[in-house]
Amino acid sequence: MFTPPSNPVNKTENLKVSQLCELCHSRKAILKRPKNLMKICKECFYNVFETEIHNTIVSNQLFYPGEKVAVGASGGKDSTVLAYVLKKLNEEYKYGIEITLLSIDEGIVGYRDDSLATVKRNKEQYDLPLEIISYRDLYNWTMDEIVACAGVRSSCTYCGVFRRQALDRGAMKLEISHVVTGHNADDMAETVLMNILRGDVNRLEKSTSIMTSSAGSPVKRSKPFKYSYQKEIVLYAHYKKLDYFSTECTYAPEAFRGTAREYMKSLEAIRPSCIIDIIRSGENLVLKPKKAKKVTTKFKNIKKNDNMEMEVKPNGTISLFKDGNRCERCGYLSSNRICKACILLEGLEKNRPQMQLENDTSTDGKAKLMRDLENLTF
Amino acid sequence: MTNNIKLLIEFLGGLDSIFDNKRTYSVEVDNDKIKTLKDLIFDYIVKELLVKPEDNYSIYIQDETIRPGILTLINDVDWELEEELDYVLQNRDVISFTSTLHGG
């Protein structure tokens with residue numbers, strides 16, 4: 001059930017000029033914008049918040065008239081506000097887009113089942129169609145089973161890889177080729193920071209783009225909240241009394257991301273504009289061009305003839321690398337011969353997770369046994 | 001006679017999990033002892049409402065103020081515009097704390 005926040009009864013009667021909104025100069029300011037420290041009132045806040053998102057959408061030409069768009073909806077604050085604002089802007093500015101809510105059920109009892117209940121309420125509240133895709137149906141594994149098998153430490157690795165593919169498959173099922181997600185400015189700054197700290201220069205360049213799509217992929221992703229502060233998203237949801245779900249995932253976030261997030265929050269407390277500043281820095285970073293790899297004559301010939309690259313895996317096998325390739329097992333787009341999800345699944349089935357971080361003490365075949373037991377009937 | 005004021009304290013955005021899973025507390029405090037928001041937080045909320053303070057204190061408080069990432073609103077106004085910890089409490093004020101530190 002949804003309980004909206006209470007309505008305050010106390011109102012300031014004698015306002016000082018310094019307490020007034022710096023935009024309309026007529027109402028009491030209720031927040032200080034982290035972006036520019038401007039004090040504004042509730043009405044002006046709604047207006048500015050929505051207009052900035054509209055401007056982001058228009059200046060980046062995110063949509064075209066008649067486009068079908070899926071909102072990756074988790075029931076959390078970001079995606080709930082995104083669905084609400086996108087529907088509102090679509091009506092106000094006549095983008096002419098068709099919005100669908102697309103949710104992924106990872107199968108996490110006590111977390112995702114509750115958040116999906118929120119999405120189902122959102123479906124009614126905003127009168128938008130909803131599609132739910134489950135890990136169980138796609139992979140025949142739930143996250144709870146994966147964690148039982150592979151341990152809690154690598155849960156985000158599995159979940160991330162599987163979710164990415166699940167969203168694409170969900171979109172393709174609905175014949176939608178554009179998924180918008182609620183990633184906000186704080187998330188993006190956090191990712192830029194993490195990529196810098198890890199020296200992950202390949203991801204660093206891509207991490208600030210508002211729209212991403214892999215070559216040959218029919219589904220593109222975009223982030224209309226790229227410049228929206230988390231604080232403003234939460235305040236918007238609070239003032240509009242939007243129904244959102246707010247519990248941290250049972251399998252807490254990766255320690256590294258969690259620490260980066262806290263660091264960002266502490267920085268923001270001292271210098272609120274730092275979030276947008278980090279994004280700007282990320283946007284303007286251009287890496288020097290990569291040096292051409294030395295290839296042997298034999299491989300050179302292959303490259304010339306077939307325009308293919310070789311990838312040597314740690315275990316000695318070689319796979320043909322080409323953007324726009326398809327996975328040999330599931331047919332999903334993959335730069336490698338076998339996609340990452342299939343590799344992880346294979347590891348799971350053998351109970352030998354590839355991304356193991358700690359010594360797994362579970363005995364061989366535990367996962368298989370569990371699945372067999374589940375299928376037993378009397 | 002004691003000088004009591006009534007306050008409504010709300011823990012939102014999942015913060016209720018460290019306050020006995022209760023989102024709203026309607027409380028009466030002695031205004032002679034608890035005058036400012038600082039008094040309310042450190043002499044009342046932390047002592048009376050916070051569950052398992054030994055584990056949960058750092059989720060709510062950092063460097064002697066509310067932890068960054070938690071939004072504090074006084075009658076729906078950002079506390080940055082209301083003198084933050086030095087805000088002088090009034091009868092029937094609504095104080096809300098909203099966590100933003102979770103997935104979206």
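The values are calculated or read from the model by the stated rules, or taken from the named source; none is laboratory data. Note that the structure is a prediction, hence the values are computed from the model and not measured. Neighbour counts are summed over all protein chains in view; Cβ atoms, including those assigned to glycine, are modelled from backbone coordinates with ideal geometry.
Tabulated results
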| read-out | value |
| --- | --- |
| Subset of the stretch A:154-171 (residues that are out of contact with any Phe, Trp or Tyr (no Cβ under 8 Å at 6 or more places or on another chain) and over 18 Å from A:Cys249 (Cα atoms)) | A:Leu167, A:Gly170, A:Ala171 |
| Among the candidates A:Arg163, A:Arg153, residue that is more than 28 Å from B:Phe97 (Cα to Cα) and either modelled with pLDDT under 85 or more than 14 Å from the chain's Cα centre (by Cα) (or both) | A:Arg153 |
| Count - residues of the stretch A:111-143 that are over 14 Å from A:Gly72 (Cβ atoms) and either of a type in the set (A, V, I, L, M) or touching a helix residue (DSSP H, G or I) at 6+ places or on another chain (Cβ under 7 Å) (or both) | 8 |
| Test: residue in the stretch A:26-46 that is within 27 Å of the chain's Cα centre (by Cα), more than 14 Å from chain B (Cβ to nearest Cβ) and among the small types (Gly, Ala, Ser) | no |
| Residue within the stretch A:37-44 that is farther than 22 Å from A:Glu268 by Cβ and in a loop (DSSP other than H, G, I, E, B) present | yes |
| Where B:Asp39 falls short, out of the listed (1) under 28 Å from A:Ile40 (Cβ atoms); (2) within 11 Å of the chain's Cα centre (by Cα) | (1) |
| Set A:Arg153, A:Arg164, A:Arg136: member being among the basic types (Lys, Arg) and closer than 16 Å to A:Arg221 by Cβ | A:Arg164 |
| Selected residue (criterion: nearest to B:Val94 (Cα to Cα)) from residues of the stretch B:3-25 that are acidic (Asp, Glu) and over 11 Å from the mean Cα position of the chain (by Cα) | B:Asp16 |
| Neighbours by Cβ (under 6 Å, 6+ apart or cross-chain): first from the stretch A:178-189, within 12 Å of another protein chain (Cβ to nearest Cβ); second among the acidic types (Asp, Glu) | A:Gly182/A:Asp78; A:Asn184/A:Asp78 |
| Residue match in the stretch A:206-222 (condition: part of a helix (DSSP H, G or I) and either more than 11 Å from every other protein chain (Cβ to nearest Cβ) or modelled with pLDDT of 90 or more (or both)) | yes |
| Positions within the stretch A:18-36 being in a loop (DSSP other than H, G, I, E, B) and under 17 Å from A:Ala237 (Cβ atoms), in sequence order | A:Ile30, A:Arg33, A:Pro34 |
| Where A:Ala171 falls short, out of the listed (1) within 16 Å of the chain's Cα centre (by Cα); (2) more than 14 Å from chain B (Cβ to nearest Cβ); (3) closer than 27 Å to B:Leu101 by Cβ | (3) |
| Entirely in the stretch A:103-163, the helices (runs of 4 or more DSSP H) that have 1 or more residues that are in contact (Cβ under 8 Å) with a residue 40 or more places away in the chain and among the charged types (D, E, K, R) | A:112-126, A:143-150 |
| Among the residues listed as A:Pro253, A:Pro272, the single one being assigned to a loop (DSSP other than H, G, I, E, B), surrounded by 14 or more Cβ atoms within 10 Å (Cβ to Cβ) and at pLDDT 85 or above | A:Pro272 |
| Of all residues in the stretch B:50-71 being surrounded by fewer than 19 Cβ atoms within 10 Å (Cβ to Cβ) and hydroxyl-bearing (Ser, Thr, Tyr), the one that is farthest from the other protein chains (Cβ to nearest Cβ) | B:Tyr57 |
| Residue within the stretch A:232-247 that is assigned to a loop (DSSP other than H, G, I, E, B), within 11 Å of chain B (Cβ to nearest Cβ), modelled with pLDDT under 95 and in contact with a Phe, Trp or Tyr (Cβ under 7 Å, 6 or more places away or on another chain) present | yes |
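Per-residue answers, yes or no, for (1) buried (at least 16 other Cβ atoms within 10 Å of the Cβ); (2) touching a Lys or Arg at 6+ places or on another chain (Cβ under 7 Å); (3) part of a loop (DSSP other than H, G, I, E, B); (4) away from chain A (no Cβ under 14 Å):
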{"site": "B:Phe11", "(1), (2), (3), (4)": "yes, yes, no, no"}
{"site": "B:Asp20", "(1), (2), (3), (4)": "no, no, yes, yes"}
{"site": "B:Tyr25", "(1), (2), (3), (4)": "yes, no, no, no"}
{"site": "B:Val29", "(1), (2), (3), (4)": "yes, no, no, yes"}
{"site": "B:Lys47", "(1), (2), (3), (4)": "no, no, no, yes"}
{"site": "B:Leu73", "(1), (2), (3), (4)": "yes, no, no, no"}
{"site": "B:Leu85", "(1), (2), (3), (4)": "yes, yes, no, no"}
{"site": "B:Gln90", "(1), (2), (3), (4)": "no, no, yes, no"}
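Residues are listed down the side, and each one gets a yes or a no for (1) surrounded by fewer than 21 Cβ atoms within 10 Å (Cβ to Cβ); (2) more than 14 Å from chain B (Cβ to nearest Cβ); (3) aromatic (Phe, Trp, Tyr); (4) outside any strand (DSSP E or B):
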site: A:Val69; (1), (2), (3), (4): no, yes, no, no
site: A:Gly75; (1), (2), (3), (4): no, no, no, yes
site: A:Thr80; (1), (2), (3), (4): no, no, no, yes
site: A:Leu86; (1), (2), (3), (4): no, yes, no, yes
site: A:Glu92; (1), (2), (3), (4): yes, yes, no, yes
site: A:Leu101; (1), (2), (3), (4): no, yes, no, no
